[in-house]
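Read through the structure below, which is laid out as structure tokens, and then see the notes.
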Amino acid sequence: MTTGDLVNIHPTELKFPFELKKQSSCSLQISNKTSTQVVAFKVKTTNPRKYCVRPNTGVVLPGDSCNVTVTMQAQKEAPLDMQCKDKFLVQSVIVSDATTSKDVIAEMFNKEPGRVIEDFKLRVVYIPANPPSPVPEGSEEGNSPRTDFPASQFDDHVSYYELVSRTLEETNEKSSEAWSMIHKLTEEKACAVQQSQKLRQELEMLRRESSKKQSGGGHSLVLMLLVGLLGCVIGYILNVRT
């Protein structure tokens, strides 16, 4: 435990069970030592992209404590000799009784005359993440429950739930897209049917007009043939008379 005039910090090191491509978390407890003062805190790190701190700011009432969860993002490579150079800084300062967590801002932790700021530096330590040994069937009865679960086990459950939730969301999105595509195809099919019916009507009209034109052309041809034949007969009669 690291202690000051305002707060106690526990633990003094942030120990993360390290396993490649898996998140890992550990807890940090900030306790207000005073009996009458409200204390605000802020948690900083030298590598903010690598860690997620919730909450990273807040207030602690007199005699009370606050638990902070620090989550390390999944790492693709293991550091040399499992040594980590990352550091965390916990700052604390006395604030007014009416201050809430939403009121905490960075300017509160600027060192100014008359303002006491306590700084606590915490280093990061990686520990091997041992996978749980398989439990034979029937061996659970009569055994006392384990209380030293590694943090990686809880991370696995959280990742599983997140994966299921993400899968359900993706399924709903795909289902919505499928229904939208079906509706679009149905509209296109109805439009195609209407166009087909319209084309059939136009084709039928063209056929009728063509039939009328062909019928009219046939009568003219017959008439011309009759006129020609009549001319031939008349010419033949005149030739005979002469």
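The values are calculated or read from the model by the stated rules, or taken from the named source; none is laboratory data. The shown structure was predicted, so the numbers you read here are calculated from the model rather than taken from an experiment. Cβ atoms come from the backbone with ideal geometry, glycine included; neighbour counts cover every protein chain shown. Accessible surface areas use protein heavy atoms only, side chains included; no ligands, DNA or RNA. Shrake-Rupley method; radii C 1.70, N 1.55, O 1.52, S 1.80 Å.
Some values worked out for this structure:
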item	result
Residues located in the stretch 14-55, provided they are under 22 Å from the mean Cα position of the chain (by Cα) and in contact (Cβ under 8 Å) with a residue 40 or more places away in the chain	Lys21, Lys22, Gln23, Ser24, Ser25
Residue in the stretch 54-61 that is under 22 Å from Pro17 (Cβ atoms), among the β-branched types (Val, Ile, Thr) and either in contact with a strand residue (DSSP E or B) (Cβ under 7 Å, 6 or more places away or on another chain) or at pLDDT 95 or above (or both) present	no
Selection within the stretch 14-31 - touching a Phe, Trp or Tyr at 6+ places or on another chain (Cβ under 9 Å) and either open to solvent by 40 Å² or more (accessible area, probe 1.4 Å) or over 28 Å from Pro79 (Cα atoms) (or both)	Lys15, Ile30
Some residue of the stretch 37-45 being among the polar types (S, T, N, Q) and in a strand (DSSP E or B)	yes
The stretch 79-129, residues that are open to solvent by less than 20 Å² (accessible area, probe 1.4 Å) and assigned to a helix (DSSP H, G or I)	Phe109
First in the stretch 92-107 and on the phi < 0 side of the Ramachandran plot, second anywhere and surrounded by 10 or more Cβ atoms within 10 Å (Cβ to Cβ) and part of a loop (DSSP other than H, G, I, E, B), Cβ under 6 Å, 6 or more apart	Ser92/Leu6; Ile94/Gln37
